[in-house]
């Protein structure tokens, strides 16, 4: 046994343990508004306590831990902690990368560990609606900034003729819409278009309706409780699915329903995790993140449904292409991508 390799491996373990334990502190920072408060300017723990109304002893430990992880800055001469412009953008701006939302999603996911452990033995599934509320809220908050940054400015323009159709007043079905962020972004960007968001989770749809009312877009976006196989409507110019096809127990039936629902010249915008068909090429930080999430969320949800599929978050392009081809689509191309996602343009 090589002791240097043991030490190297243990160094990785310590880093992982530190990051895992720090997740709780990040979520505390989000829930209490600590990042937003620190973005107002540097402060000692005592000054920060006055600013936030929180206990100084807890804040001292929290600030030191954040500084140890590189999430906040520290001035030894003054004892003050601070956020740089870049840290504030990532941690305190809801329209930035919204890093705390990712940790909220992660902690919510881990709450299901006992049930997932048992599922390893039985093969049982765990449906999306059975997950902790933090999973639902955290997922929406984590993915929304990416949609804000790219959906209207990059992804839609990358599709052949779709931007023009929606500008003129096209019809959109946003399938698996969750809390409706993607639906409302489309409604705000294309005021002449009509959008129907659908999700099987009735509580998510109730929240989506409330948010649409608050945003003042109910004249052009509505929501329905429906699965990807039962959403209503036909002759859509665009059907969208954001990071959800791989969660479904029967993605083939969902793809066939999309084929039926599209207009003859319609487009299916499918966003899926960015993964290689070669398993070993996914052995990187992003792949590790997605495989972990898939173990706790995606595969259990698929196994909770009929259909016999469990694609998982790292299914890869070939598996996705095969589903669409089997459903009767004849055109499939990679229209855009980010380090996290691939945008597919799929047409009849």
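The values are calculated or read from the model by the stated rules, or taken from the named source; none is laboratory data. Computed from a predicted model, the values in this text were never measured in an experiment. Please note: Cβ atoms are built from the backbone with ideal geometry, for glycine as well, and neighbour counts cover all protein chains shown.
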Checklist entry - Would a scan of segment 153-165 turn up a residue that is touching a helix residue (DSSP H, G or I) at 6+ places or on another chain (Cβ under 6 Å) and touching a residue at least 12 places away in the same chain (Cβ under 8 Å)? => result yes
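Restricting to segment 255-268, name every residue that is touching a helix residue (DSSP H, G or I) at 6+ places or on another chain (Cβ under 8 Å) and under 12 Å from residue 328 (Cα atoms).
Within segment 255-268, the first condition is being touching a helix residue (DSSP H, G or I) at 6+ places or on another chain (Cβ under 8 Å), and the residues that meet it are 255, 267-268.
Within segment 255-268, 255 is the sole residue that qualifies.
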Checklist entry - For segment 36-64, which residues satisfy the criterion of being surrounded by fewer than 17 Cβ atoms within 10 Å (Cβ to Cβ) and either over 18 Å from residue 22 (Cα atoms) or in contact (Cβ under 8 Å) with a residue 24 or more places away in the chain (or both)? => result 40, 41, 46, 47, 50, 51, 53, 55, 56
Checklist outcome for this item: When residue 308 is run through (1) on the phi > 0 side of the Ramachandran plot; (2) in a helix (DSSP H, G or I), the failure sits at (2)
Checklist entry - Which members of segment 325-345 meet the condition of being touching a strand residue (DSSP E or B) at 6+ places or on another chain (Cβ under 6 Å) and over 28 Å from residue 97 (Cα atoms)? => result 329, 331, 332
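Please tell me if residue 210 is surrounded by fewer than 15 Cβ atoms within 10 Å (Cβ to Cβ) and part of a loop (DSSP other than H, G, I, E, B).
Numbers: surrounded by fewer than 15 Cβ atoms within 10 Å (Cβ to Cβ): yes; part of a loop (DSSP other than H, G, I, E, B): no.
No; evaluated as a whole, the condition is false for this residue.
Given the condition surrounded by fewer than 19 Cβ atoms within 10 Å (Cβ to Cβ) and within 18 Å of residue 233 (Cα to Cα), answer yes or no: does some residue in segment 158-171 qualify? Steps first, please.
Of segment 158-171, the ones surrounded by fewer than 19 Cβ atoms within 10 Å (Cβ to Cβ) are 158, 160-161, 163-164, 167-169.
Now restrict to residues that are within 18 Å of residue 233 (Cα to Cα): 169.
Yes, the conditions are met somewhere in segment 158-171.
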Checklist outcome for this item: Note on segment 307-320: residues crowded, with 18+ Cβ neighbours inside 10 Å and either more than 19 Å from residue 249 (Cβ to Cβ) or touching a strand residue (DSSP E or B) at 6+ places or on another chain (Cβ under 8 Å) (or both) are 313, 314, 315, 320
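Name every residue in segment 122-158 that is part of a loop (DSSP other than H, G, I, E, B) and over 24 Å from residue 311 (Cα atoms), in order of residue number. Steps first, answer last, please.
Filtering segment 122-158 down to residues part of a loop (DSSP other than H, G, I, E, B) leaves 123-127, 131-132, 156-158.
Selection gives 156, 157, 158.
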Checklist entry - Inside segment 1-59, can you point out the residues that are part of a loop (DSSP other than H, G, I, E, B) and at pLDDT 95 or above? => result 32, 33, 39, 40, 41, 42, 44, 53, 54, 55
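Rundown of residues vs (1) touching a residue at least 40 places away in the same chain (Cβ under 8 Å); (2) part of a strand (DSSP E or B); (3) in contact with a strand residue (DSSP E or B) (Cβ under 8 Å, 6 or more places away or on another chain), yes/no style:
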{"position": "241", "(1), (2), (3)": "yes, yes, yes"}
{"position": "246", "(1), (2), (3)": "yes, no, yes"}
{"position": "252", "(1), (2), (3)": "yes, no, no"}
{"position": "258", "(1), (2), (3)": "yes, no, yes"}
{"position": "266", "(1), (2), (3)": "yes, yes, yes"}
{"position": "270", "(1), (2), (3)": "yes, yes, yes"}
{"position": "276", "(1), (2), (3)": "yes, no, no"}
{"position": "281", "(1), (2), (3)": "no, no, no"}
Checklist outcome for this item: All-but-one check, residue 228 against (1) in a helix (DSSP H, G or I); (2) closer than 20 Å to residue 254 by Cα; (3) in contact with a helix residue (DSSP H, G or I) (Cβ under 6 Å, 6 or more places away or on another chain), failing number (1)
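For (1) in contact with a helix residue (DSSP H, G or I) (Cβ under 7 Å, 6 or more places away or on another chain); (2) closer than 23 Å to residue 104 by Cβ; (3) not in a loop (DSSP other than H, G, I, E, B), each residue gets a yes or a no:
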site	(1), (2), (3)
288	no, yes, yes
297	yes, yes, yes
300	yes, yes, yes
314	yes, yes, no
321	no, no, yes
339	yes, yes, no
345	no, no, yes
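Return yes or no: is residue 70 surrounded by 13 or more Cβ atoms within 10 Å (Cβ to Cβ), outside the structural domain of residue 137 (by TED's automatic domain parsing) and in contact with a helix residue (DSSP H, G or I) (Cβ under 9 Å, 6 or more places away or on another chain)? Lay out the reasoning, then the answer.
Working: surrounded by 13 or more Cβ atoms within 10 Å (Cβ to Cβ): no; outside the structural domain of residue 137 (by TED's automatic domain parsing): yes; in contact with a helix residue (DSSP H, G or I) (Cβ under 9 Å, 6 or more places away or on another chain): yes.
So residue 70 does not fit the description; no.
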Checklist entry - Looking at this structure, is residue 178 outside any helix (DSSP H, G or I), at positive phi and assigned by TED's automatic domain parsing to the domain that holds residue 236? => result yes
Checklist entry - If you go through segment 27-71, how many residues are within 24 Å of residue 108 (Cα to Cα) and touching a strand residue (DSSP E or B) at 6+ places or on another chain (Cβ under 6 Å)? => result 1
